[in-house]
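Here the structure is laid out as structure tokens; the discussion comes afterwards.
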Amino acid sequence: VNGLQARTFGVWTLLSSVIRCLCAIDIRNRTLYYITLFTFFLALVHFLSEVFIYHTAALTIGVMAPLMVASFSILGMLIGLQYLEVEALSQKKKKN
């Protein structure tokens, strides 16, 4: 890894964390929720491709940790997405 690759990965990680923090603050913002969910999918695909396609990383704890965080976060957000849709429907009924 050269310096440019390290900085690019660092900026990507920082951007993802800012998006995730903003979603935590405004969890009912559907657009932000979907963007946050996409960041976890992107991280999962990135780490899986590094291990299984490019063979540039081994399945060590340093790679397993982000894989587990991304997987559990995707699962939790998909479950939470159902509640956001139910809440949106109930708010529409209240307005009518």
Practice problem: Return the sequence-ordered ³J(HN,Hα) values of region 35-45 in whole Hz as given by the Karplus equation 6.51 cos²θ - 1.76 cosθ + 1.60 applied to θ = phi - 60°, using x for Gly and Pro. | Solution: 5, 5, 4, 4, 5, 5, 4, 4, 5, 4, 5
Exercise. Would you mind getting the accessible area per residue of the chain, heavy atoms of the protein chains only, 1.4 Å probe, in Å²?
Key: 74
Quiz item: For helix 61-95, what angle does its Cα long axis make with the longest principal axis of the chain, in degrees from 0 to 90 and rounded to 10?
Solution: 10
Quiz item: Which entry in (1) 39, 17, 11; (2) 33, 15, 9; (3) 49, 11, 6 is this structure's computed semi-axes √(5λ) of the Cα gyration tensor in Å?
Solution: (2)
Self-check item: Value of relative contact order over the chain, rounded to a whole percent, pairs C-alpha under 8 Å and six or more apart
Solution: 22
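The values are calculated or read from the model by the stated rules, or taken from the named source; none is laboratory data. The model shown is predicted, which means the values in this text are computed figures rather than measured ones. For accessibility, only protein heavy atoms count, side chains too; no ligands or nucleic acids. Shrake-Rupley method; radii C 1.70, N 1.55, O 1.52, S 1.80 Å.
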